[in-house]
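Presented below is the structure to which this report refers.
The values are calculated or read from the model by the stated rules, or taken from the named source; none is laboratory data. This one's a predicted model, so the numbers in the text were calculated from it and none came from an experiment. Neighbour counts run over all protein chains shown; Cβ positions are idealised from the backbone, glycine included.
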Amino acid sequence: TAKGEKITELTGKPAQLINLIGQTSLRELAALIKGCKLFISADTGPLHFAAALKKPLIAMYGPTKADRTGPYGSDDATVILSTAACAGCLKKECDDWHCMSDITPEMVYAVYIEKSRRL
């Protein structure tokens, strides 16, 4: 996705970050997550795999609510909540997912830089 590519670009170290969005089975994904130093995701199944595997996380929340859906299990999770007025609406379908677009690659990158200093 465009956001994944932008995040990879902003790290300044693209050789150290692999974007596999949409390219793995769930079993392959779980194995890859197990080897991650840091996992970045929206509120999706893979985020919860990473939390269960006790990985440091950056979790992005738009239509869902972190206080309701986690991430649970990780000792080092940073949650980025959308600032959109509709954030937390719990809709499964939407014509405008701007709540997620409001979480910019720059916002995620700033958290990544802070967390990577501690890893």
_Could you go through the stretch 62-81 and let me know if any residue there is of a type in the set (S, T, N, Q), at pLDDT 85 or above and in contact with a Lys or Arg (Cβ under 7 Å, 6 or more places away or on another chain)._
yes
_So, Glu93, is that one modelled with pLDDT of 90 or more and acidic (Asp, Glu) or not?_
no
_Cβ-Cβ distance below 6 Å, separation of 6 or more or different chains: which pairs start in the stretch 15-27 with a residue that is free of Cβ contacts under 8 Å to residues at least 24 places away in the same chain and end on one that is surrounded by 10 or more Cβ atoms within 10 Å (Cβ to Cβ) and in a helix (DSSP H, G or I)?_
Leu17/Thr8; Leu17/Thr11; Asn19/Gly4; Asn19/Thr8; Ile21/Gly4
*If you scan the stretch 39-65, which residues turn out to be of a type in the set (A, V, I, L, M) and either farther than 21 Å from Glu106 by Cα or in a strand (DSSP E or B) (or both)?*
Ile40, Ala42, Ala50, Ala51, Ala52, Leu53, Leu57, Ile58, Ala59, Met60
_For the list (1) assigned to a helix (DSSP H, G or I); (2) under 19 Å from Gly4 (Cβ atoms); (3) not basic (Lys, Arg), I need the number of the one condition that Glu114 fails._
(2)
*Just to be sure, is Thr24 among the polar types (S, T, N, Q) and in a helix (DSSP H, G or I)?*
no
*Identify, from the list Ala110, Ala59, the residue that is modelled with pLDDT of 90 or more, within 19 Å of Leu20 (Cα to Cα) and either among the small types (Gly, Ala, Ser) or over 12 Å from the mean Cα position of the chain (by Cα) (or both).*
Ala59
*Go through the stretch 78-104 residue by residue and tally those that are without any contact (Cβ under 8 Å) to a residue 24 or more places away in the chain, touching a Phe, Trp or Tyr at 6+ places or on another chain (Cβ under 9 Å) and either part of a loop (DSSP other than H, G, I, E, B) or over 12 Å from Ala42 (Cα atoms) (or both).*
1
*Check Ser74 against each of (1) polar (S, T, N, Q); (2) farther than 15 Å from Leu57 by Cα; (3) out of contact with any Cys (no Cβ under 7 Å at 6 or more places or on another chain); (4) surrounded by 17 or more Cβ atoms within 10 Å (Cβ to Cβ) and name the one condition it does not meet.*
(2)
